[in-house]
Each structure stands twice: as C-alpha cells, then as structure tokens.
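Structure record follows, encoded as structure tokens.
Coordinate-derived values only; no laboratory data. All values reported here derive from a predicted model rather than from experimental measurement. All Cβ positions, even for glycine, are placed from backbone atoms using ideal geometry, and neighbour counts span all protein chains on display.
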Amino acid sequence: MYYYISEPPIKSDEQRKVDEIKSILSTLGIAGEFATASPSKTVEEYLVSAFRKGFSTIVGIGHDELATKIASCLWFSQYERAVMGFIPLSISQTLAKMVGTSSIKESCELLRVRLIKDIDCLVLNQEVVAITDLRSSVQTKCSFRLRFKKIELTGSYTDLIAKPNGEVILFDRQFMATGHALPIWQRLWRNEQQPDLARTQFQANSWSLETIPSQSVMVGEAVLAETPLTVLRQIEALKFITKRAKLSAE
Amino acid sequence: MFKLSDQSLAYGKPSSGPGTVIGANVKLLGAINDVNDITVHGKVEGEVNSEKTVTIGETAEIKGPVSGAIVTVAGLIRGSIEAIDRLEILPTGKVYGNIATGDLIIRSGAKFVGKSAVLKNDAGKNETKDSMGEETNKLSDSEESSAVYETESK
C-alpha cells in the first residue's frame, strides 16, 4: 500500500499538478492514502501514523526539500521495511534527474513498476539526511578546513558539491579569475589547454568541514545545515523506487 | 593514514572513480592513497600513493614520498619517488630526492638532485631509452644501480 505525502502548494499550478497525479495514480490502480504536510501536522507525524497503519511505501510529491524530510525520517526511524518513492513536481530538480523521469505521468508509472534500488545517502550532523547532491555556493570565496581520516585540506572555495556516492568537489572561481594559474603567455606559447587548477576532488565516506564565515549547505533551494558540518555517507541505506535504466547503468 | 582502497574493500564494492585531484589553491596535510589516478596542483605535506598514475602539476609542491605506476613531474618534489613503470620529469619539474623506476625520462630543463635506482620490470631486463631532443638517464645493466648526480640542462 502506498502512502503519499505532499507539501502545501507554493506555485499557482502545483495544486493542479497534485490533482493530476491523484487522477493518474487512481487510473494505475495504486492510489493509496494522501496527506498534506502543514505546520499543524508535520511530515514526521504523518510517517509515524503511516507506519502504524501498516504502510511501508512512502511516496513524496513535491520538491527536493520534501524528499530530504522524508528520507531523514525514514533513516532515523530505522524502519527496515520502508521503501521510498518520489514524484517530483519539477523535472529540473536534482531528484527528478536521480529518479530518471521526465514527466509526472512517467513518475507515477514508475511507482507501479516498482523497481527498488538501495541508494546511498549523506547524514549531516547526525540530524538530517540527503539523498541528492549537497551544494554550497558563495559569491566571495571563503576559507575552509576539511578533514577526513588523517588528512586535512585547507584553502578557499566558491562552490562545493558533495554527492551521495562519496564524491566531494570544491572549486574556486575567484582563484582562476585572479591569475594565480599558469601565466597566460605560457599557455599561449605552448598552446595547451589549461588544466582545471582550481578544482579539488576526492572520495570520502566521512568528513568534516569548517568555513570562515559559516556557510549554508543546501539541497535544491532548501538549507539543510550550516558549517561547521560533519557528513557521514551511508551506503545502500534506503530503498528507493527508481527507473530501470538507472539500475542497469550503475 | 587514509586509504580509499581499504574503505572500498570494507564495504564490498569495487574500487572505481575519477581519482583524487588537489587544486592549486589547496594545501593538504597527510597521506593520499588512491587506487585510481592522483593529480596534484597544490601543496602536499605527506605521502602521495597511487596504484595508477600520479601527475604533479607545475604549480604543485610536494614534501614527501610519491609512488605510483606512472609518475609525471612538472612541479616540485622534495622527497623520494617510486614509479614502477615510468617516471618522467618534465622541463619545469624539480626533484630533490631519490628515485626508483623501471623507465626514467628527464626532459631538457628539468632539475634532479638525488640517487636513482632501477626497478626490474616483469621481463627481468633493464631497458634504457634514448630519444631525440631529450636528456635521459642511462642506467647500468645491474639489477639495482645507484648514482649520485645532478643534471640541469637548458
């Protein structure tokens, strides 16, 4: 049985989309119970209620932020039978790309096909879980200290991306622009493509980040946490309904 | 010491990925170990160990030992280098330390101060290379030979 949780509509056409989704799910024969999170009853409270009623598949309808809330609740509840699905309201969202769908109808049909994959996630500060890329972007570069195991990295960044597969990428746009890279005459003389000197990339399952000043780390447009930050990657931590192509590609 | 390969094995997943890159604006303290390629453009105080290729960029400064199957040096290394298959020191490369490799190429303009030793390849033979326009290190036929020399040519 499927338990669907949506958010209050933000844009004018979102309620129409949710109604369309309900209609498609009913046609597909997988209409379950619907709930809309609100200040009076949160996502966490709805999930507790869903588990008590015997629902094991929780499907979010909305944006990346809702997916994060549901994933966090499922992870911290440690409910072993729980399976998560998602119907993104916008295909431009990170989660839409992760699920692998290009339309609302396709997202609904995926739920019926029910291909389940164990996905990795990132646990931030032991408080919140991210199943899509984390990002931190600043206009003016900020200093950072990043530690993983016995390694310490220091430097500056303007953009940070952390992926659930453990990949961490830091980039400094300002460093490239201020000419600290190879002198231009060298590049022209040798006609070589300049390497991406301001990019740092590595793989880590746990790491901590401090920045000066404190920076926000986001999923989509939602702020998940602020630095200082500890990130712990959990491998194959959540069961997620996704598209067959994604399964075979990986 | 941080070992990516150990972590991969611990979780039962095959080792794969784009490797490690240290940007020119970053300083690293500690030891990098990666089963994949490592590229350094910044400063490292510690070890750099790869099972594949290690590329030291022009802006890189390494204080510590470097090891890999193939090591290419365009920056500064103060420490030993072990390159199982090949070590190439490019014109902007500076190496202060001992090296051991199966195949050594020192380009014109490079700086190398230290001892060199030959690593035996799988065929059991030591090979020397002599290419046009390059200054190379000619090695003896003994299994391990060492020489103390400075070479700096323009």
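Here are some notes:
- Charge sum, other residues only, whose C-beta stays under 10 Å from residue A:76's C-beta, Lys/Arg counted +1 and Asp/Glu -1: -2
- Counts of other chain beta carbons within 10 angstrom of each beta carbon in peptide A:201-207 average 6.
- Per residue of chain A, the DSSP helices (runs of n ≥ 4 H) give a summed -39500 (n - 2.57) that works out to -8500 deg cm²/dmol at 222 nm.
- Residue exposure proxy: A:4, B:96, ordered by other Cβ atoms within 10 angstrom of their Cβ from fewest to most, comes out as B:96, A:4.
- Distance in nm between pseudo-label sites at residue A:81 and residue A:31 (7 Å out along the Cβ direction from Cα): 2.5
- Listed by Cβ neighbour count within 10 Å, with the fewest neighbours leading, A:202, A:86, A:76 appear as A:76, A:202, A:86.
- Gyration tensor verdict on chain A (Cα atoms; rounded if a/c is under 1.5, prolate if a/b is larger than b/c, oblate otherwise): prolate
- Ranking of A:142, A:121 by count of other Cβ atoms within 10 Å, fewest first: A:142, A:121
- Spin-label model distance (nm) - residue A:161 vs residue A:48, 7 Å beyond Cα toward Cβ: 3.8
- Pairs exceeding a 28 Å alpha-carbon distance, out of A:117/A:141; A:53/A:117; A:53/A:239; A:41/A:239; A:11/A:239: A:117/A:141; A:11/A:239.
- Principal-axis tilt of helix A:14-28 within chain A, Cα atoms, nearest 10 degrees: 60
- Helix axis angle, A:43-53 relative to chain A longest principal axis, alpha carbon, degrees: 40
- In degrees, nearest ten, helix A:104-113 long axis to first principal axis of chain A (Cα): 70
- Most mobile of A:201, A:139, A:174 in a GNM of chain A (Cα contacts under 10 Å): A:139
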